[in-house]
Amino acid sequence: MQKIQEYRAKIKEVGLKATPQRISILKVLTETDCHPSADMLIKMLEKEGHVMSVGTIYNILDTFEEKGLIIKLHDQNEVMRFDAITTFHVHMIDDETNNIQDVHDEKLESLITQRLNEILPEGLTYNHMELILRV
């Protein structure tokens, strides 16, 4: 129950109504590390007893991305995949298996941030940084 309250609060923080559908989608995305596609997400939701239209799922995913709750990325087959970890981390995509793994490295983030601060024109800032390795 504690986790559900956290998901509800996270959704409300970005100015959205915390509907059962939004909570369910955020819960599944947060509690998996497989970076699901929309089709995979639909199956995962159905397995938990949540049935909703494909259109609703896509609309929620688009809204979540716009509000910064999730990240969209393309896998090796150019299929859209989704990640609820929005802080800096590296996505390592295996071209053979299409598996996506997260690599968290604070030192790497610090090095990249420091270098960007040195080379970006004064006054120019960025709001998101992504690094994808294809192996």
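Remarks
- For the chain, the longest principal axis of the Cα atoms and the long axis of helix 38-47 meet at an angle of about 40 degrees.
- Filter on Lys10/Lys43; Lys3/Lys27; Lys43/Lys67 - keep pairs with C-alpha separation over 18 Å: Lys10/Lys43; Lys43/Lys67
- The Cα atoms of the range 2-134 define a convex hull whose projected area, averaged across directions, is 9.6 nm².
- Gain on full stretching of the segment that runs from Tyr126 to Glu13 - 0.36 nm per residue minus C-alpha separation: 38.5 nm
- The range 2-134, relative contact order in percent, only Cα pairs under 8 angstrom and at least six apart counted: 19 percent
- The stretch between Ile85 and Thr97 holds 2.2 nm of extra length on full extension. This uses 0.36 nm per residue minus the Cα-Cα distance.
- Residues considered: Asp83, Asp39, Asp105. Largest GNM mean-square fluctuation over the chain, using C-alpha springs under 10 Å, is found at Asp105.
- Calculated FRET value between Ile112 and Glu78, using beta carbons and R₀ = 22 Å, to 0.05: 0.30
- Dipole of the chain, positive end: most advanced residue of Val14, Cys34, Leu120 [Cβ charges, Cα centre]: Val14
- Residue with peak Gaussian network fluctuation, the chain [Cα springs, cutoff 10 Å], from Ser37, Ser110, Ser24: Ser110
- Semi-axis lengths, largest first, of the ellipsoid equivalent to the range 58-135 are 24, 18, 11 Å, with √(5λ) applied to each eigenvalue of the Cα gyration tensor.
- The charge dipole of the range 2-134, taken about its Cα centre with unit charges on the Cβ atoms of Lys, Arg (+1), Asp and Glu (-1) only, comes to about 740 debye.
- Phi angles across the range 14-29 convert, under the Karplus curve 6.51 cos²θ - 1.76 cosθ + 1.60 with θ = phi - 60°, into 3J(HN,Hα) values of 8, x, 9, 6, 7, 6, x, 5, 5, 4, 4, 5, 5, 4, 4, 5 Hz, Gly and Pro given as x.
- GNM top mover of Lys72, Lys107, Lys17 - the chain, alpha-carbon springs below 10 Å: Lys107
- Between 0 and 90 degrees, the angle of helix 54-66 with respect to the longest Cα principal axis of the chain falls at about 30 degrees.
No value in this document is a laboratory result; all are computed from the given coordinates. All figures in this text were calculated on a predicted structure; none of them were measured in a lab. Positions of Cβ are backbone-derived with ideal geometry, glycine not excepted, and every protein chain shown enters the neighbour counts.
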